[in-house]
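Participant: Following this message is one structure expressed as structure tokens.
The values are calculated or read from the model by the stated rules, or taken from the named source; none is laboratory data. In this text the structure is predicted, and so the values were computed from the model without any measurement. Here Cβ is always computed from backbone atoms with ideal geometry, including for glycine, and neighbour counts include all displayed protein chains.
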Amino acid sequence: MMVTIDTHSPEETRYLGQILGKTLIPGMVITLDGDLGSGKTTFVQGIGKGLGISEKDYITSPTYNLINEYSGRHCLFHIDLYRLMDPLEIDELGLEEIIYSQGISAIEWADRLPDKTLTSYLSVRIMITGEETRKVTITACGLENTDWIEKIRDNFKEKRWH
Ligand code: ADP
Ligand code: MG
């Protein structure tokens, strides 16, 4: 199950993340892939908003830690593997513990994880299609209930701003 949505501004990408954030259930893993500057962190900011994370806790790239933790309706672990040099570092990060926790994990550059690290997750791929436009593809991977993927699309269409 997969949906593709075009966004036309950072705000719109953030809003799409927010819609997703509202529907997330404990333990969910979201992977985010796409070039540098495609909007992965922007999307995670939206997820944070949807989870009711205080705007004071502004979500930025977890540059130094690789992992940042925020508390909202559910705990959000924001992980950025951009600076991951050695897959062995993953063990040191304690990533498995986080992935199998009741929190929500949002993992940027998840492509860098060894194959089969994740079994069920929501994949978000963002393609740069223009200066202010992005193609966002959300795919349910190994998840049993995928009805809500369509709901995300419907909710987004209903409320889109332009
Ligand atoms: P990433 O985490 O993928 O490196 P960021 O979210 O940090 O990307 O940055 C995305 C950049 O692209 C921001 O500067 C943002 O303002 C810009 N941008 C322009 N159009 C869009 C769009 N439609 N969606 C998301 N970001 C956009
Ligand atoms: Mg980023």
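Participant: Considering only residues of the stretch 87-109 that are among the small types (Gly, Ala, Ser) and farther than 25 Å from residue 127 by Cβ, which is surrounded by the fewest Cβ atoms within 10 Å (Cβ to Cβ)?
Facilitator: Here the answer is 94.
Participant: Okay, next question. Name the one entry in 36, 84 that is in contact with a helix residue (DSSP H, G or I) (Cβ under 6 Å, 6 or more places away or on another chain) and surrounded by fewer than 21 Cβ atoms within 10 Å (Cβ to Cβ).
Facilitator: 84
Participant: May I ask you to verify whether residue 117 is in contact with a strand residue (DSSP E or B) (Cβ under 9 Å, 6 or more places away or on another chain) and either of a type outside the set (Gly, Ala, Ser) or at pLDDT below 95 (or both)?
Facilitator: The answer is no for residue 117.
Participant: Follow-up question, since we're still on this one. State which residue pairs qualify: first residue free of Cβ contacts under 8 Å to residues at least 24 places away in the same chain and inside the stretch 119-133, second residue loosely packed, with under 12 Cβ neighbours inside 10 Å and part of a loop (DSSP other than H, G, I, E, B) in any location, beta carbons under 6 Å apart, and separation of 6 or more residues or different chains.
Facilitator: Close Cβ pairs (under 6 Å, with a partner that is loosely packed, with under 12 Cβ neighbours inside 10 Å and part of a loop (DSSP other than H, G, I, E, B)) amount to 119/142.
Participant: Name the residue that is farthest from residue 23 (Cα to Cα), counting only residues in the stretch 78-104 that are within 16 Å of ligand 1 (Cβ to nearest atom) and not in a loop (DSSP other than H, G, I, E, B).
Facilitator: Among those that are within 16 Å of ligand 1 (Cβ to nearest atom) and not in a loop (DSSP other than H, G, I, E, B), it is 80.
Participant: Just checking, which of 16, 20, 51 is touching a helix residue (DSSP H, G or I) at 6+ places or on another chain (Cβ under 7 Å), of a type in the set (A, V, I, L, M) and over 29 Å from residue 89 (Cβ atoms)?
Facilitator: One residue alone meets the criteria, 16.
Participant: Another question, if that's okay. Run down 30, 90, 99 and say which single residue is under 26 Å from residue 128 (Cα atoms) and β-branched (Val, Ile, Thr).
Facilitator: Checking each option against the conditions leaves just 30.
Participant: Which of the residues that make up the stretch 105-122 are among the β-branched types (Val, Ile, Thr) and either within 26 Å of residue 22 (Cβ to Cβ) or touching a Ser or Thr at 6+ places or on another chain (Cβ under 6 Å) (or both)?
Facilitator: 107, 119
Participant: I want to confirm something. Restricting to the stretch 10-33 and keeping residues that are β-branched (Val, Ile, Thr) and surrounded by fewer than 23 Cβ atoms within 10 Å (Cβ to Cβ), which single residue is farthest from ligand 2 (Cβ to nearest atom)?
Facilitator: Across the stretch 10-33, the extreme among qualifying residues is 25.
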